[in-house]
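Working notes, structure below.
The values are calculated or read from the model by the stated rules, or taken from the named source; none is laboratory data. Being a predicted model, the structure only gives us computed values, none of them experimental. In this analysis, Cβ positions are derived from the backbone assuming ideal geometry, glycine residues included, and neighbour counts consider all displayed protein chains. Note: accessible area is taken over every heavy atom of the protein model, side chains too, but ligands, DNA and RNA are not part of it. Shrake-Rupley method; radii C 1.70, N 1.55, O 1.52, S 1.80 Å.
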Amino acid sequence: MRATAADETQSGALVLLCVASWAIPGAGHLWLGRRNKGLVFLVALPLMFAIGLALRGRIFPFDLADPLVALAALADFGIGLTYFVAAALGYGAGDVRAVTYEYGNAFLIVAGLLNVLVMIDAYDVALGRK
Amino acid sequence: MHSHLFLLVLFALFVSLVFAVIARDDARGQIKLGGLMFAGFIASALVLGWLMYPFPL
């Protein structure tokens, strides 16, 4: 069965929604008119990521030789544009000697994973499942 | 920001806030679920911390 133009437009909009939701936490919800939810995500998730950086956590590199590091990098990547901005500004080098290093990593990784959940939630809302 | 308890509370606050906002649509439900989740995080961390206290690392 061939997809109609309307189906293709809808799936294109869904992809765009997911990309926007990943890139800017809460953007998907704001797009869908869930203003309060979107604003909470827009403030909470980048703030959580920033606290992780302030705690001297590390933005992990995609090192496939070390699977755990690669998984942590994938989780960090979930925060979207904030990841690239932080890396471009030279943050996220990590200081393993800092007493807060592991806390920082936990904040960075969990902020990324929560943003992935938020993106999936926006997708569900767009499909009318919620 | 070197207090482990403070960082634990801060972490629990963020995670329970985001989960509650994802899971519930009404403000009342969000506050109830978020509060329960936050209390659960803190209580379980304190209980597990004390349970691990006798084990030297």
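Here is a check on your reading of the model: is A:LEU71 touching a Lys or Arg at 6+ places or on another chain (Cβ under 9 Å) and farther than 20 Å from A:THR100 by Cβ? No: the conditions fail for A:LEU71.
Within the range A:33-68, which residues are β-branched (Val, Ile, Thr), facing chain B (nearest Cβ under 9 Å) and without any contact (Cβ under 8 Å) to a residue 24 or more places away in the chain?
A:VAL40
Within the range A:99-119, does at least one residue satisfy the condition of being in a loop (DSSP other than H, G, I, E, B), surrounded by fewer than 20 Cβ atoms within 10 Å (Cβ to Cβ), more than 10 Å from chain B (Cβ to nearest Cβ) and free of Cβ contacts under 8 Å to residues at least 40 places away in the same chain? The answer is no, given that none of the residues of the range A:99-119 is in a loop (DSSP other than H, G, I, E, B), surrounded by fewer than 20 Cβ atoms within 10 Å (Cβ to Cβ), more than 10 Å from chain B (Cβ to nearest Cβ) and free of Cβ contacts under 8 Å to residues at least 40 places away in the same chain.
Report the residue count in the range B:14-36 for those that are buried (at least 17 other Cβ atoms within 10 Å of the Cβ) and within 13 Å of chain A (Cβ to nearest Cβ).
Residues that pass the stated criteria total 11.
Within this structure, A:LEU30 fails the test of being under 15 Å from the mean Cα position of the chain (by Cα) and surrounded by 18 or more Cβ atoms within 10 Å (Cβ to Cβ). Within the range A:39-50, does at least one residue satisfy the condition of being outside any helix (DSSP H, G or I), among the β-branched types (Val, Ile, Thr) and more than 12 Å from the chain's Cα centre (by Cα)? Checking the range A:39-50: not a single residue is outside any helix (DSSP H, G or I), among the β-branched types (Val, Ile, Thr) and more than 12 Å from the chain's Cα centre (by Cα). The lone criterion from (1) within 22 Å of A:GLY52 (Cβ to Cβ); (2) at pLDDT below 95 left unmet by B:VAL18 is number (2). From the set of residues in the range A:120-130 that are open to solvent by 50 Å² or more (accessible area, probe 1.4 Å) and more than 11 Å from chain B (Cβ to nearest Cβ), which is nearest to B:LEU5 (Cα to Cα)? Of everything passing the filter in the range A:120-130, A:TYR123 is nearest to B:LEU5 (Cα to Cα).
Residues that are within 10 Å of chain B (Cβ to nearest Cβ) and surrounded by 12 or more Cβ atoms within 10 Å (Cβ to Cβ) do occur in the range A:15-25, at least one of them. All of (1) closer than 17 Å to A:MET48 by Cα; (2) in a helix (DSSP H, G or I) hold for A:TYR91 with one exception: (2). Within the bounds of the range B:37-49, is there any residue that is of a type in the set (S, T, N, Q), more than 25 Å from A:PRO25 (Cβ to Cβ) and assigned to a helix (DSSP H, G or I)? Yes, the range B:37-49 has at least one match. Taking the criterion of being open to solvent by less than 70 Å² (accessible area, probe 1.4 Å) and more than 11 Å from B:VAL9 (Cβ to Cβ), the residues of the range B:40-57 that qualify are B:GLY40, B:ALA43, B:SER44, B:GLY49.
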